[in-house]
Amino acid sequence: MIIEFSIKNFGSIKDKQTLSFEATKSDDLEDYYVIHGPNNLRLLKMAMIYGANASGKTTILMALEFLRDLVLEPEDKKTELLDFKPFLFDPNTPNENSELSIDFLQNSIRYSYQVTFTEKAIITEELYYFNPNKARVYSRTTDLDKQFSNISFGSKIKKDKTFDKVLEANTLWNNTVLGGFLKTNLENHELTEAQTWFQVYLRPLILTNTSLGGFITRNIDHGGIEKKHVVEILKKADFHISDIIISKSEESIPDGLIEFLEKTDKIKEVKQEIENLRTRGKVTAMDVSLEHYVEGAKYRLPLELESQGTRRYYGFAGLLALLIKNSVVFPIDELESSLHPDLYLHFILSFLINVKSSQLLFTTHNRELLNRRDVFRNDVIWFANKGESCATELYSLADFNSSVIRDTSNVYNAYKTGKLGGIPNLGDYYIDLDNEE
């Protein structure tokens, strides 16, 4: 589980901003929101971020995705640049280091990971664990002149004599140590645990244009999700869907498909798929139809003919099944996209009531939810606000004192009127296109 995540000099974020999943002392809706960890740690299942367009909401999610890629998608050549930009609205920050850090739980052990970097190289990197006291797993510095990584391990870490040299040789100056570890056959419990957390628990970012349908269908077909669970979730969402029918056929590889896959940003994730395609010379096509039960009769409708909202919720139903049956976190941009407000609320409540050890991190513009003090805790609501310097400021509703927000306050009205920040500062409606000045 994520404990906290910090970002500095990344995209629209200039100064260090921290998003925390640690619950406040409030016991409000404790049974639905709070997961109890080791050493009296109380972690929230959910964090939702409000903010105007271009306020930096999505940047926070993209920074988390970037950190995941640093660990799981190491560059193959030391000449390749890291795919990010520092804060550009300042004369100094483009030449300063950027920094990401995350504290997380893996198998009830707390880990703390931090990395500083530029577009060219990883500058420093540290991994600590708490078992029970804080101890260093490793620290890394980069010799920028020699473009070489120096790695040192804590005294409690078990490894053989050649471990350091092999790992250093596989850790390019633009790779993380965890990314370099992926390239080796070395064994180390702590590195494997940290790497597994990024691979298994932290899932890829879901954007509004992410094709969830294909992802969910493949998981159903491969047994990662039980079809009956997705159907049950869809039924409860009033879609009158009684079954999901998946049919497969072997077809010739479309012209340009392999070339397209080779050029995608996630090329390392699809390398095996590309090799399989080349070996087989065919591609497996999957057609999905949803069976609707209407007035005693069953009708099939291809998924591509369903409404945008139905297709979106088909994907979300699969996500919910994964969240309930596994321990994962999904970052989602604009969760409410294509969903009716009641369905949006239904998804959140279904998540809170049924999930045991998963988390959701999402951005939203749905202000109406702020009217529901019976549904949310103050510490799960976050705001991204664009300051005078155009830099993102991140803060929680729980940060406001009682002079601004009381237990009986109408948070929706406070947010709508600008008392909490995170809304656009709009001008008047008149636009003079003929003004020559």
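The values are calculated or read from the model by the stated rules, or taken from the named source; none is laboratory data. Since the model is a prediction, treat every value here as computed from it, not as a measurement. A quick note on method: Cβ atoms are made from the backbone with ideal geometry, for glycine too, and the neighbour counts reach across all protein chains shown. Please note that ligands, DNA and RNA were not included when accessible areas were found on the heavy atoms of the full protein model with its side chains. Shrake-Rupley method; radii C 1.70, N 1.55, O 1.52, S 1.80 Å.
Identify, please: which residue in segment 84-93 is touching a residue at least 12 places away in the same chain (Cβ under 8 Å) and not aromatic (Phe, Trp, Tyr) and is, among those, surrounded by the most Cβ atoms within 10 Å (Cβ to Cβ)? Selected residue: PRO86. The residue that is modelled with the highest pLDDT, among those in segment 413-432 that are under 18 Å from ASN53 (Cβ atoms) and surrounded by fewer than 12 Cβ atoms within 10 Å (Cβ to Cβ), is GLY418.
For segment 67-83, how many residues are buried (at least 20 other Cβ atoms within 10 Å of the Cβ) and not acidic (Asp, Glu)? Write out each step before concluding.
Taking segment 67-83 first, the residues buried (at least 20 other Cβ atoms within 10 Å of the Cβ) are 67, 69-71, 74.
If we keep only those that are not acidic (Asp, Glu) as well, we get 67, 70-71, 74.
Looking only at that region, the number is 4.
Among the residues of segment 121-133, the one identified as charged (D, E, K, R) and either at pLDDT below 95 or buried (at least 18 other Cβ atoms within 10 Å of the Cβ) (or both) is GLU125.
Name the residues in segment 253-308 that are at pLDDT 85 or above, open to solvent by less than 100 Å² (accessible area, probe 1.4 Å) and under 21 Å from LEU212 (Cα atoms), would you? Break it down stepwise before answering.
So the first thing to find is which residues in segment 253-308 are at pLDDT 85 or above, and the list is 287-308.
Then drop every residue that is not open to solvent by less than 100 Å² (accessible area, probe 1.4 Å), which leaves 287-292, 294, 296-297, 301-303, 306-308.
Across segment 253-308, the qualifying residues are ASP287, VAL288, SER289, LEU290, GLU291, HIS292, LEU301, PRO302, LEU303, GLU306, SER307, GLN308.
One residue stands out among those in segment 1-60 that are open to solvent by 20 Å² or more (accessible area, probe 1.4 Å), part of a helix (DSSP H, G or I) and in contact (Cβ under 8 Å) with a residue 24 or more places away in the chain: the one that is farthest from ALA194 (Cα to Cα), which is TYR32.
Quickly run through segment 36-62 and pick out the residues that are among the basic types (Lys, Arg) and within 18 Å of LEU207 (Cβ to Cβ).
To start, the set of residues in segment 36-62 that are among the basic types (Lys, Arg) comprises 42, 45, 57.
Correct list: LYS57 only.
For segment 56-85, a residue qualifies if it is under 20 Å from TYR113 (Cβ atoms) and of a type outside the set (A, V, I, L, M), and the qualifying residues are THR59, GLU65, PHE66, ARG68, ASP69, GLU73, PRO74, GLU75, ASP83, PHE84.
Return the only residue of ASP160, ASP164 being over 30 Å from the mean Cα position of the chain (by Cα), assigned to a helix (DSSP H, G or I) and either surrounded by fewer than 18 Cβ atoms within 10 Å (Cβ to Cβ) or of a type outside the set (Asp, Glu) (or both). Talk me through it step by step, then tell me what you get.
Working: ASP160 fails: assigned to a helix (DSSP H, G or I).
Testing whether each residue is over 30 Å from the mean Cα position of the chain (by Cα), assigned to a helix (DSSP H, G or I) and either surrounded by fewer than 18 Cβ atoms within 10 Å (Cβ to Cβ) or of a type outside the set (Asp, Glu) (or both) leaves just ASP164.
Residues in segment 340-397 that are without any contact (Cβ under 8 Å) to a residue 60 or more places away in the chain and out of contact with any helix residue (DSSP H, G or I) (no Cβ under 9 Å at 6 or more places or on another chain) were compared, and the one that is surrounded by the fewest Cβ atoms within 10 Å (Cβ to Cβ) is GLU388.
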